[in-house]
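*Asks:* Sharing a structure, written as structure tokens. Questions coming.
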Amino acid sequence: MTRSPPVDYDVLISGAGLVGACCALALAPTGLRVCLLDKSPPSGQQHDPSTRVSAINRASENILRAVGAWHAIARARPAVFRRIEVWDAASTGTISFDAAEAGLSHLGYIVPNAVMVSALQETLAGHDQINMQFGDAPVAMAPAEDHVTVELASGTTLNARLVIGADGAHSAVRELASIRWDEADYHHTAIVATVTPDQAPAETARQRFLPGGPLAFLPLDDTQCSIVWSVKSAMAEQLMALGDKAFAAELAEAFEHRLGTIHAVSQRLALPLIRRHAANYIARRVALAGDAAHTVHPLAGLGANQGFADGAALAEVIGAAVARRRDPGGHSVLRRYERWRRGDNALVLQTMDFFHHLFGTDQAVIADLRGLGLNLTDQIPLLKNFFLHRATGLAGDLPRLARTAIP
């Protein structure tokens, strides 16, 4: 009888970004030996000119606090938002959400992605059973009865009981596991930048729905905002070709000068918008999480929050298996995770598709109907609170870490 090779790790996580690092921290209490692998250098050694930020909802804040990373994030003084204002360019429809009206201290935070990754990796350094390896990535995987043999680009071979793909939309783990990937191009591009408007954002996240796509101004501090402007890809090319002054003028006009003139614009980033969803979240001793499993339109700012929920849910089902002395990479364990998260993520993707098409037309009849819908929702407290709790992540089948009370 052929003996199995020794297992180097219980869990190998490919991708040390937001989702992979958070999942590794959530696994720390289980005592499992975890290898966190990333093809990039550690966050402290990266030159990151990116202006990408995430709107972190209350559920994700709970998760980040529970795994011990929030203290390091708080040192960077992330921008809190206590109010959301939304209005439609093609109708009179408006809606607003206020934390105080819902009995909440705040609705969420706007946090630079680089700040969160750095905080998560810093927190991981305090866990001896989690080994972080940078500058390497899987190039081959061979699942066996009780382990997966993973060959890395460096030539190293590792054996793990479970491999988690948290390595982004172009996931090597997903490809190596032959998991099918459904994809639909929105033919839109999101322009991301940091801007300085005349008026202070006043702890308010604002979004205007234009016929070409939504434009969001997210508060970064008392003077600056992060903007996410989703437009048709041809228009994005034109906007990206403008000088800063001309772009600032177009931006202020598109936003109805709600915050006055735009005085400064950072380096702009153009991100093609593509809807993606894995047909399966699991394969033999493999699980996917975050962008490796799904990417969503940014109009509601839910992408990072979905990923954190994936990581927390996966860690929860693995922890429950370990507590019952079951194999953490077994099919029944991973199937529980897939049933839990795939349906919820599919609903989010379908909802964002619906809003994208609903607000992506300037047909008068549709514009009038959606305007009426926004205004009615704004005036019905029960309905408004339903949407607010969904947006803050405080509703639905939440992982245990997401339900932890915020001090």
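*Asks:* Mind checking which pairs have a first residue in the stretch 93-121 that is more than 19 Å from residue 225 (Cα to Cα) and a second that is assigned to a loop (DSSP other than H, G, I, E, B) and among the polar types (S, T, N, Q), Cβ under 8 Å, 6 or more apart or different chains?
*Replies:* Partner pairs satisfying both residue conditions: 99/105; 104/392.
*Asks:* On to the next question. Would you point out the residue of the stretch 104-132, among those that are more than 20 Å from the chain's Cα centre (by Cα) and in a loop (DSSP other than H, G, I, E, B), that is farthest from residue 42 (Cα to Cα)? Steps first, answer last, please.
*Replies:* At the first step, the residues of the stretch 104-132 found to be more than 20 Å from the chain's Cα centre (by Cα) are 104-105, 125-132.
Those still in the list that are in a loop (DSSP other than H, G, I, E, B) too: 104-105, 125-129.
Details: 104: 36, 105: 34, 125: 11, 126: 15, 127: 16, 128: 17, 129: 18 Å.
Only one residue fits best here, namely 104.
*Asks:* Kindly indicate whether any position in the stretch 70-83 is under 30 Å from residue 375 (Cα atoms), of a type in the set (Val, Ile, Thr) and either part of a strand (DSSP E or B) or not assigned by TED's automatic domain parsing to the domain that holds residue 286 (or both). I'd like the intermediate steps shown before the answer.
*Replies:* In the first step, residues of the stretch 70-83 are kept if they are under 30 Å from residue 375 (Cα atoms); the result is 79-83.
Add one more test, that the residue is of a type in the set (Val, Ile, Thr), and what stays is 80.
Next cut, either part of a strand (DSSP E or B) or not assigned by TED's automatic domain parsing to the domain that holds residue 286 (or both) only: 80.
The answer is yes, given that some residue of the stretch 70-83 is under 30 Å from residue 375 (Cα atoms), of a type in the set (Val, Ile, Thr) and either part of a strand (DSSP E or B) or not assigned by TED's automatic domain parsing to the domain that holds residue 286 (or both).
*Asks:* Given the criterion touching a residue at least 24 places away in the same chain (Cβ under 8 Å), assigned by TED's automatic domain parsing to the domain that holds residue 282 and more than 17 Å from residue 38 (Cβ to Cβ), identify the matching residue among 146, 198, 167.
*Replies:* Working: 198 fails: assigned by TED's automatic domain parsing to the domain that holds residue 282; 167 fails: more than 17 Å from residue 38 (Cβ to Cβ).
None of the others qualify; the one that does is 146.
*Asks:* Related question: Mind counting the residues in the stretch 392-407 that are at pLDDT 75 or above and either surrounded by 15 or more Cβ atoms within 10 Å (Cβ to Cβ) or touching a strand residue (DSSP E or B) at 6+ places or on another chain (Cβ under 6 Å) (or both)?
*Replies:* Count: 8.
*Asks:* Can residue 158 be described as in the same structural domain as residue 282 (by TED's automatic domain parsing), of a type outside the set (D, E, K, R) and surrounded by 13 or more Cβ atoms within 10 Å (Cβ to Cβ)?
*Replies:* Numbers: in the same structural domain as residue 282 (by TED's automatic domain parsing): yes; of a type outside the set (D, E, K, R): yes; surrounded by 13 or more Cβ atoms within 10 Å (Cβ to Cβ): yes.
Against the criterion (in the same structural domain as residue 282 (by TED's automatic domain parsing), of a type outside the set (D, E, K, R) and surrounded by 13 or more Cβ atoms within 10 Å (Cβ to Cβ)), residue 158 qualifies.
*Asks:* Give the stretch 95-132 a look and list any residue that's within 25 Å of residue 221 (Cβ to Cβ), touching a strand residue (DSSP E or B) at 6+ places or on another chain (Cβ under 8 Å) and among the aliphatic types (A, V, I, L, M), or say none. Can you show your working first?
*Replies:* Quick first cut of the stretch 95-132, residues within 25 Å of residue 221 (Cβ to Cβ) only: 96-102, 104-123.
Now drop any that are not touching a strand residue (DSSP E or B) at 6+ places or on another chain (Cβ under 8 Å), which leaves 96-99, 106-113, 116, 121.
Answer for the stretch 95-132, where residues must be within 25 Å of residue 221 (Cβ to Cβ), touching a strand residue (DSSP E or B) at 6+ places or on another chain (Cβ under 8 Å) and among the aliphatic types (A, V, I, L, M): 99, 107, 110, 111, 116.
For (1) surrounded by fewer than 20 Cβ atoms within 10 Å (Cβ to Cβ); (2) of a type in the set (Asp, Glu); (3) in contact with a helix residue (DSSP H, G or I) (Cβ under 8 Å, 6 or more places away or on another chain), each residue gets a yes or a no:
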| residue | (1), (2), (3) |
| --- | --- |
| 197 | no, no, yes |
| 203 | yes, yes, no |
| 222 | yes, yes, no |
| 242 | yes, no, yes |
| 250 | yes, yes, yes |
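The values are calculated or read from the model by the stated rules, or taken from the named source; none is laboratory data. Note that this is a predicted model, so its numbers are computed, not measured. Every residue, glycine among them, receives a Cβ derived from its backbone with ideal geometry; neighbour counts consider all protein chains shown.
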